[in-house]
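Down below is the structure, laid out as structure tokens.
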Amino acid sequence: MNLSQRDKVYNWHPYTQHKTSSDFPAIIKGKGALLWDENGKEYIDAIASWWVNPFGHSNTIIADAIYKQLTTLEHVLFGGFTHDKAVELSEKLMEILPSNQQKIFYSDNGSTAVEVAIKCSFQYNYNKGIKKTKIIALENAFHGDTFGAMAASGISFFTDAFNGSLLEVVRIPIPTIDNEDKSIAVLTNLVKTNEFAAFIFEPLVLGAAGMVMYQPEVLDKMIAICKQNNVFTIADEVMTGFGKTGKIFATDYLENKPDMMCLSKALTGGTIPMAITSFTQEIFDGFYDDDVNKALFHGHTFTANPSGCAAALASISLLQSQEMQNNIYRINQSHLEFDSKIKNHPKVKTTRVLGVIFALEVTTDSEESYYGSLRNKLYNFFIENGVILRPVGNIVYILPPYIITENQLQKIYQTIENALEIV
Ligand SMILES: *Cc1c(COP(=O)(O)O)cnc(C)c1O
């Protein structure tokens, strides 16, 4: 048996119906934007392995930082102890986060970063004797798969089986250009009830919904409405963070800054699972008390793992280099060129570009479901042609590693053009 076949014996994959899925390619090597499977077939990783990998696979700068850390101090518990890498990483994050962010809480992945933010928004109020146990979220949002994060997520077939066991979330329309007034009106009515602890959102781009985009101006207004009504705002930048939108954070496009931010995915350059939730001083102060019961009783075994922190420090240095900033600019320019070429194609309904993100909606007669037949046809075509793209329903998007070469980008564009001929 080869690896693909052996995999099926014991492995249960995420988001997979094993009865109907085919064998998965077994990847045995990665370098830059490329991956190779056990048969020697080459793939361009056009989605940076679920948006985690800006600086290329097997990046030696990050690998060296991890190796050095592993052979100095691989891990120490963060309850009752600290270490140099957590101190340095928090200092570094303070340089790049919006200036209202003052405290960093470490965890392991995007979902846990969101859990921590939601829990803090509830307990902050609880500590003051106020009962606020509901949150506001956007339709079709994705915030992760643990219970709190899942409750905030709005992609229904991800969560239908758990209805009734989830915390109370009220969803408002995504404030896309046509929906701005409606979305603001719904939010305005909700916040007046004093029942909501927080409004959580993916700023400017909803990733898992299919790179659905909206404008900073409307989000600025929504944050202002929440602030006036004592509803915390949580910017889930797990996908958008670290350069994806063209700035370091999507919130850098805003005048009004959120109270909390969630970061993960590209935080460690796609190497070690790690996440952070950042907070304003005001939120931290809501837990700061002589009463021990007012503390945040939340933690994970690997909280602030030193090797993860070392990886994040190396990643952020890479992100800040002129070379990487040039790459982000170059990818954006190439996307815009491809966009103007493809947007009038008869099979293309709409397109959108922000930073290194490009998305295109394929024209369909029917409502295309998330994992529907058109999606599968496109996905299989891309994989056969050595390009890793995971369409969401009829939406094809590109979110490449920043080190991708111009030739590789052109190959992705060409493959998408070819795919439009077969649908
Ligand atoms: C991926 C993602 C999450 C969940 O992160 P995990 O590491 O998969 O738990 C949360 N929010 C957003 C916006 C994401 O894209």
With θ set to phi - 60°, apply the Karplus curve 6.51 cos²θ - 1.76 cosθ + 1.60 along the range 269-281 and write out the HN-Hα couplings as whole Hz, x wherever there is a Gly or Pro. x, x, 10, 10, x, 6, 8, 9, 10, 10, 9, 6, 4
Rolling a 1.4 Å sphere over the protein heavy atoms, what is the accessible area per residue of the range 223-293, to the nearest Å²? 35
Could you tell me which GluC sites (Glu not before Pro) in the range 162-264 are loop residues by DSSP with no more than 12 other beta carbons within 10 angstrom of their beta carbon? E255
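If you stretched the chain out fully between E42 and N189, how much longer would it get, using 0.36 nm times the residue separation minus the C-alpha to C-alpha distance? Write down the numbers at each step before the final one.
Working: separation 147, 0.36 × 147 = 52.92 nm, distance 5.26 nm.
In short, 47.7 nm is gained.
What is the Rg over Rh value, at two decimals, for the range 274-334, using alpha-carbon atoms and the Kirkwood definition of Rh?
When Rh is taken as the Kirkwood radius, the ratio is 1.20.
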With a point put 7 Å past each Cα toward its Cβ, work out how far A161 is from N100 in nm, to one decimal. 3.9
For a Förster distance of 60 Å, can you work out the FRET efficiency between the beta-carbons of D285 and H13, rounded to the nearest 0.05? 0.85
For V396, what is the net charge nearby, where nearby means another residue's Cβ is under 10 Å from its Cβ and Lys, Arg count +1, Asp, Glu -1? +1
Span per principal axis, largest first, for the Cα atoms of the range 60-124 (Å): 40, 25, 22
I want to verify the translational diffusion coefficient of the range 186-232 in µm²/s; compute it with Stokes-Einstein, Rh as the Kirkwood radius over Cα pairs, at 10 °C and 1.306 mPa s. 139
For the range 99-187, would you read off the P(r) tail past 23 Å as a percentage of all alpha carbon pairs? 34
In nm, spacing of pseudo-spin labels at F81 and K294 (7 Å Cα→C-beta vector): 3.0
Share, in percent, of DSSP beta bridges within the chain that are antiparallel, nearest 5: 60
Among S165, A197, P175 - extreme Cα towards positive end, dipole of the chain, charges at beta-carbon: S165
Just the accessible area per residue of the range 318-423, please: how many Å² with a 1.4 Å probe? 45
Only four residue types carry charge here, +1 at the Cβ of Lys and Arg and -1 at the Cβ of Asp and Glu. Report the dipole size of the chain about the Cα centre in Debye, rounded to the nearest 20. 320
The range 315-392: Kirkwood hydrodynamic radius (Cα pairs, Å) comes out at 14.5
Charges at C-beta only: +1 for Lys and Arg, -1 for Asp and Glu. How large is the resulting dipole of the range 111-172 about its Cα centre, in Debye rounded to 20? 400
Over the range 25-165, with neighbouring protein chains present, the accessible area per residue in Å² at probe 1.4 Å is 47
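Over all distinct Cα pairs, what is the inverse of the mean 1/r for the range 368-423, reported as the Kirkwood hydrodynamic radius in Å?
11.5
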In nm, give the distance between the simple-model label positions of K68 and R6, each being 7 Å from the Cα along the Cα-to-Cβ direction. 3.5
What is the log10 of I(q)/I(0) for the range 304-348, computed with the Debye formula using one identical point scatterer on each Cα and no solvent, at q = 0.16, 0.17, 0.22 Å⁻¹? -0.61, -0.63, -0.75
Convex hull volume of the Cα atoms in the range 110-250, per residue, in Å³? 106
Note the direction-averaged projected area, equal to a quarter of the hull surface, for the Cα convex hull of the range 281-423, in nm². 13.6
State the extension gain, in nm to one decimal, for the chain segment bounded by I177 and K349, taking 0.36 nm per residue of separation less the distance between their alpha-carbons. 60.3 nm
Accessible surface of the range 94-224 [probe 1.4 Å, protein heavy atoms]: carbon and sulfur percent: 51
Looking at the range 17-156, what % of the alpha carbon pairs are farther apart than 25 Å? 54
Between I118, I44, L97, whose Cα lies farthest towards the positive end of the dipole of the chain when Lys and Arg beta carbons carry +1 and Asp and Glu beta carbons carry -1, centred on the Cα centre? I44
Note to self: Kirkwood Rh of the range 232-291, Cα pairs, one decimal, Å, is 12.7
Kindly provide the pair-distance distribution of the chain built from C-alpha pairs, with 20 Å bins from 0 and whole-percent values in order of increasing distance. 25, 59, 16, 0
With only alpha-carbon atoms in the gyration tensor, what are the semi-axes of the equivalent ellipsoid for the range 1-81, in Å, largest first? 30, 19, 13
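The values are calculated or read from the model by the stated rules, or taken from the named source; none is laboratory data. Because the structure is a prediction, the values reported are computed rather than measured. Glycine also receives a Cβ, built like all others from the backbone with ideal geometry; neighbour counts cover every protein chain displayed. Surface accessibility is based on the protein's heavy atoms, side chains included, excluding ligands, DNA and RNA. Shrake-Rupley method; radii C 1.70, N 1.55, O 1.52, S 1.80 Å.
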